[in-house]
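Here's the structure, in structure tokens; my notes come after.
The values are calculated or read from the model by the stated rules, or taken from the named source; none is laboratory data. Since this is a predicted model, take the numbers as computed values, not measurements. We place every Cβ from the backbone using ideal geometry, glycine too, and count neighbours over all the protein chains shown.
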Amino acid sequence: MSANETIGKFPNLFLVGAPKCGTTTLHHLFTQHPDVYCPYRKEPATLIGTPVRQNGFSMGYSDYWAMYEGWRSQRYALDASALYFASRSAAENISTFSPKAKIIVALRNPVEAIYSFYYEAKSQSHEKQISFEEALEADDARPEGAGVYRPRYRQTFSFTGHLNRYRELFGPENVYVVLMQDLKRSPQDEYQRICDWLGISTDVSDTDFASQNKAKAPRSTTLAKFILSPPKALQRPLSKIISKEKRYRFQTYLRKINFREEQYPPMQPETRGILIQYFRPDIERLEQLLDRDLSEWKM
């Protein structure tokens with residue numbers, strides 16, 4: 001693909017993360033809204049790369065554009081990719097390709113989010129360390145930008161710098177911040193506020209507000225690895241007879257039946273204390289930026 005090649009349309013609504021902060025629930029809500037076109041795949045993560053320099057794990061640009069061919073009369077088309085939040089290249093690419101986009105950012109207590117993200121990465125075989133504490137220690141030795149799919153923990157959940165990047169690129173008026181605590185306490189009210197901000201219907205009377213992407217663990221780690229990365233010898237023949245969308249939907253189905261809800265063990269009190277102190281300055285900067293009391297994040 002040449003640098004000058006332009007094919008298809010880019011979406012104009014981006015749910016950019018942060019990971020484990022309610023993006024799956026928000027995506028679930030938008031899939032039910034008649035004014036928002038949602039393609040079949042959540043987390044394409046395409047705009048971390050460029051049309052001429054793509055990464056190995058995300059959806060390629062040609063397939064990405066193909067997802068939006070069905071976008072017709074809806075006011076918005078959505079790309080929900082939580083890995084965009086901490087990615088400078090993603091923010092810049094969105095600004096280049098969709099400069100008038102609306103950006104939604106979901107945040108939660110970073111100590112809770114980082115712990116949940118570790119277990120999610122572990123359940124999907126992206127994290128090899130046995131304990132959370134070992135993972136944090138190993139994480140400190142990783143170079144910045146290493147492992148795009150499993151970015152550095154502390155860097156990802158230091159929110160203010162990432163949020164400011166989007167506010168500077170798109171303007172504060174085009175960036176909406178959702179706090180997971182608000183979404184949990186009153187999902188209908190928070191969703192209606194988002195719809196009002198977007199200028200779309202706030203009639204959500206028929207919307208399913210069930211929480212999505214709860215804590216889970218694989219029944220079979222072997223199957224989880226197979227779903228994540230099927231053998232190339234199997235991928236090639238299947239790609240000739242089954243569309244990408246159908247293969248993705250089948251993978252999603254396998255993932256759903258292979259995972260069970262499971263509560264994570266409590267975080268070690270000493271580790272929690274260390275992380276609270278680490279994130280406290282960033283939380284205080286976020287309080288000023290949002291004009292919001294986030295004291296419960298500092299306890």
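Laid out as a table, the results:
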item	result
Selection count, region 122-139, where residues are of a type in the set (Gly, Ala, Ser) and more than 20 Å from Ser229 (Cα to Cα)	3
Region 258-296, subset surrounded by 11 or more Cβ atoms within 10 Å (Cβ to Cβ), over 28 Å from Val177 (Cα atoms) and in contact with a strand residue (DSSP E or B) (Cβ under 8 Å, 6 or more places away or on another chain), residue modelled with the lowest pLDDT	Phe259
Subset of region 98-109 that is in contact with a Leu (Cβ under 7 Å, 6 or more places away or on another chain) and in a strand (DSSP E or B) - its residue that is surrounded by the most Cβ atoms within 10 Å (Cβ to Cβ)	Ala106
Boolean, Arg255 is basic (Lys, Arg), closer than 14 Å to Glu133 by Cα, in contact (Cβ under 8 Å) with a residue 24 or more places away in the chain and surrounded by 12 or more Cβ atoms within 10 Å (Cβ to Cβ)	no
Cross-chain or 6+ apart pairs with Cβ under 8 Å, region 188-206 first and on the phi > 0 side of the Ramachandran plot, then modelled with pLDDT of 95 or more	Gly199/Arg75
Count - residues of region 188-207 that are within 23 Å of Lys20 (Cα to Cα) and loosely packed, with under 11 Cβ neighbours inside 10 Å	0
First in region 64-83 and in the same structural domain as Ala18 (by TED's automatic domain parsing), second anywhere and surrounded by fewer than 22 Cβ atoms within 10 Å (Cβ to Cβ) and acidic (Asp, Glu), Cβ under 6 Å, 6 or more apart	Gln74/Asp35; Arg75/Asp35; Ser81/Glu43
Any chance Tyr176 is outside any helix (DSSP H, G or I) and under 13 Å from Lys102 (Cα atoms)	yes
Filter result (of a type in the set (A, V, I, L, M, F, W, C) and modelled with pLDDT under 70) within region 235-253	Leu238
Residue within region 71-80 that is assigned to a helix (DSSP H, G or I), surrounded by 18 or more Cβ atoms within 10 Å (Cβ to Cβ) and under 17 Å from the mean Cα position of the chain (by Cα) present	no
Evaluation of Trp197 against (1) modelled with pLDDT of 95 or more; (2) among the aromatic types (Phe, Trp, Tyr); (3) assigned to a loop (DSSP other than H, G, I, E, B) (one fails), failing number	(3)
Test: Ser58 is more than 30 Å from Gln192 (Cβ to Cβ), part of a loop (DSSP other than H, G, I, E, B) and among the polar types (S, T, N, Q)	yes
From Glu120, Glu112, Glu144, residue being modelled with pLDDT under 90 and assigned to a helix (DSSP H, G or I)	Glu120
Residues within region 248-274 that are among the aliphatic types (A, V, I, L, M) and farther than 27 Å from Arg41 by Cα, tallied	2
